[in-house]
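Readers should treat all values here as calculations from the given coordinates under stated rules, not as data from a laboratory. Source: prediction; values computed, not measured. Every residue, glycine as well, gets a Cβ built from its backbone with ideal geometry; the counts of neighbours run over all protein chains shown.
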Amino acid sequence: MQIIKVKDSVAGGKKGFEVFKQALANGAKVFGLATGSTPETTYTELRNSDLDFSQCVSLNLDEYVGLQPDNPQSYYRFMHEHLFDAKPFKHNYLPNGMAPDIVAETARYEELLSENPIDLQLLGIGRNGHIGFNEPGSPFDGKTHKVKLTQSTIDANSRFFEHEEDVPRYAISMGIGSILSAKQILMEAYGEKKADAVKAMVEGPITPDCPASALQKHPNVIVIVDEAAASKLN
Ligand code: F6R
């Protein structure tokens, strides 16, 4: 793991942008993308850049089950607002959380991933060390699957919803195995609330108790952390 420490998430977004730019220059065509607060500064830099993704494909990590794409909290909507509307790709894939058969949808998505192997996967980390919606205990060889969200994730995500009851209870997520198939991984983490998870990811044992610790097994990982998120690292 290459650890890059920055002052704050704005500086982190600029570093994240550089990683995308370099990947494109090296011929990357398939980008794995994340939602949430963490990648916002990187997406701002990408939106405001002249980088050309028109020959590229994106695949998102996850999507809630049961939210229409035009729901303000859907990840489809998030991605359009933060990146896709300003920066056209050849195609943007997200799991379809409204699919009538969610298990068939997970298989379809895994098929898409094998047809479009990810060159660069962007990740954030949950306070409990989750990546995608892979909560503690998830298998390291997991593929795209339906997930029942834990209470800690529902609580963390409730800040985006009017009422806690509005937070979906299920999601579709790439598995840890799907994530580890990416050629390169870029993890960003900002803020003091991520400090324990960052320490467990970087310095802890490789264990399903901290899903992000699986990244220690990957040969090409860049971690961008701000001072607060890095504050517990040795
Ligand atoms: C988002 C995702 C999640 C988030 C994580 C951190 O697509 O898969 O794993 O990266 O929950 O969320 P934020 O960035 O909001 O702190």
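Measuring r between the beta carbons of Ile3 and Asp101 and using R0 = 30 Å, the FRET efficiency lands at 0.10. Only Cα pairs under 8 Å and 6+ residues apart enter the sum, and on that basis the relative contact order of the range 2-226 stands at 26 percent.
Cα centroids of the range 171-186 and the range 34-106: how far apart, whole angstrom? Here the two parts' Cα centres lie 15 Å apart.
Charge tally for Phe89 (other residues, Cβ to Cβ under 12 Å; Lys, Arg +1; Asp, Glu -1): +1. Using a cut-off of 10 Å between beta-carbons, work out the net charge of the residues near Lys7 (Lys and Arg +1, Asp and Glu -1, Lys7 not included). Residues close to Lys7 contribute a combined charge of -2. By the count of neighbouring beta-carbon atoms within 10 Å, fewest first, His130, His91, His163, His82 end up ordered His163, His91, His82, His130. For the chain, the mean residue ellipticity at 222 nm estimated from helices alone is -8000 deg cm²/dmol, where every DSSP H run of n ≥ 4 contributes -39500 (n - 2.57) and the total is divided by all residues, rounded to the nearest 500. Extending 7 Å from the Cα toward the beta-carbon at both Arg108 and Thr150 defines two label points whose distance is 3.0 nm.
Assuming a ≥ b ≥ c are the square roots of the Cα gyration tensor eigenvalues, decide whether the chain counts as rounded (a/c under 1.5), prolate (otherwise, with a/b larger than b/c) or oblate. Verdict is rounded for the chain. Taking a ≥ b ≥ c as the square roots of the eigenvalues of the Cα gyration tensor of the range 110-234, is the shape rounded (a/c under 1.5), prolate (a/b larger than b/c) or oblate? Cα axes put the range 110-234 in the oblate bin. With a simple spin-label model that places each label point 7 Å from the Cα along the Cα-to-Cβ direction, the separation between Lys183 and Ser37 comes to 3.4 nm. About its Cα centre, the dipole of the chain is roughly 600 debye, where the only charges are +1 on Lys and Arg Cβ and -1 on Asp and Glu Cβ. Projecting the Cα positions of Ser37, Ala200, Tyr76 onto the charge dipole of the range 2-226 (unit charges on Cβ atoms of Lys, Arg, Asp and Glu, taken about the Cα centre) puts Ala200 furthest along the positive direction.
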